[in-house]
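The values are calculated or read from the model by the stated rules, or taken from the named source; none is laboratory data. Note that this is a predicted model, so its numbers are computed, not measured. FYI the Cβ positions are ideal-geometry reconstructions off the backbone, even for glycines, and counts take in every protein chain you see. The accessibility values were calculated without ligands, DNA or RNA, using every heavy atom of the protein model including side chains. Shrake-Rupley method; radii C 1.70, N 1.55, O 1.52, S 1.80 Å.
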Amino acid sequence: MMEPGTPGFGGGGSSLPPPLQPLEVHYTKWKRKYQQTLDKLTPHTYQRWAGTAGLIALFLLRVVFTQGWYIVCYAHAIYLLNLLLAFLQPKFDPSIQDDIMADDMEEGGDVPTPLPSSRDDEFRPFVRRLPEWQFWLSTTRATLVAIFCTLSSIFDVPVYWPILVMYFFVLFFLTMRRQIQHMVKYKYVPFDVGRKTRYV
C-alpha cells in the first residue's frame, strides 16, 4: 500500500485527494485567466480608472435610491481614504529616517555628515508606498465587494447617516491636512506632473 507522501499517491503529485483534483485544475485555469486579464489591463490606466469610477457611481446610486446600506458606504469610504493616503505617502518615510538619526545622536553614535551635492537640482522620482496599479486593483475589488454587500439585507444596518457623513468629512479634512503638512515639511510632491529632468 502506498503512503500519502509518495509521488504516486493521488496521481500527478497533488496533495489533494482524487475527488478534489478536478477542482484544483479548474481553479488553476481560472486563476491563470484572471492574471492574463489583469496583465492586459495594466497599460490602460485611464480606461481602468474610468471603469472603476463607473462602479463607484453605480454603488453610490444604489445607496441613494434605495436609502440603505449606509454603513457599507461608510466602510467603503474609509477604506478608500486609507488607500489614498498610502498612495500619497512615500515608500521610505523621511520622518522615520529623522527619528532614527535622532536616536543615534542620543546614544552617542556617529552623526552622518551629508556630502556636498546638487541634490536639490536633480530629478528624483517619487516612489509611492502603494503603487498606482495596487491602488486601482484594491479600489476596484473593494467597490465590487461593496456592491455585492448591497444585494443582501443583512448588511443594511439602520444608522443615522448624517452623523456618518459628517464624521467622514471631518476625518478626511484632518488626515489630508496632516498629509499636506507632511509634504510641506519634507518637501516632496506625490505627482510628477510638470516636472522635467534637468541636464547640466
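With the checklist (1) open to solvent by less than 60 Å² (accessible area, probe 1.4 Å); (2) in contact (Cβ under 8 Å) with a residue 12 or more places away in the chain; (3) not in a loop (DSSP other than H, G, I, E, B) in hand, flag the one item Pro162 doesn't pass.
(2)
Among Leu58, Leu23, which is assigned to a helix (DSSP H, G or I), among the aliphatic types (A, V, I, L, M), open to solvent by 90 Å² or more (accessible area, probe 1.4 Å) and at pLDDT 85 or above?
Sole residue among the options that is assigned to a helix (DSSP H, G or I), among the aliphatic types (A, V, I, L, M), open to solvent by 90 Å² or more (accessible area, probe 1.4 Å) and at pLDDT 85 or above: Leu58.
Among the numbered conditions (1) assigned to a loop (DSSP other than H, G, I, E, B); (2) at pLDDT 95 or above; (3) among the aliphatic types (A, V, I, L, M), tell me where Val189 comes up short.
Val189 satisfies every listed condition except (2).
Taking interchain pairs and intrachain pairs at least six residues apart, which have beta carbon atoms under 7 angstrom, with the first residue in the stretch 21-44 and within 25 Å of Ser138 (Cβ to Cβ) and the second modelled with pLDDT of 90 or more and of a type outside the set (D, E, K, R)?
Thr42/Trp133
From the list Arg195, Arg129, exactly one residue is modelled with pLDDT under 90, surrounded by 10 or more Cβ atoms within 10 Å (Cβ to Cβ) and in contact with a helix residue (DSSP H, G or I) (Cβ under 6 Å, 6 or more places away or on another chain). Which is it?
Arg129
Taking interchain pairs and intrachain pairs at least six residues apart, which have beta carbon atoms under 6 angstrom, with the first residue in the stretch 134-151 and in contact (Cβ under 8 Å) with a residue 24 or more places away in the chain and the second open to solvent by 30 Å² or more (accessible area, probe 1.4 Å) and among the basic types (Lys, Arg)?
Between residues of the stretch 134-151 that are in contact (Cβ under 8 Å) with a residue 24 or more places away in the chain and residues that are open to solvent by 30 Å² or more (accessible area, probe 1.4 Å) and among the basic types (Lys, Arg), the close pairs are Thr150/Arg62.
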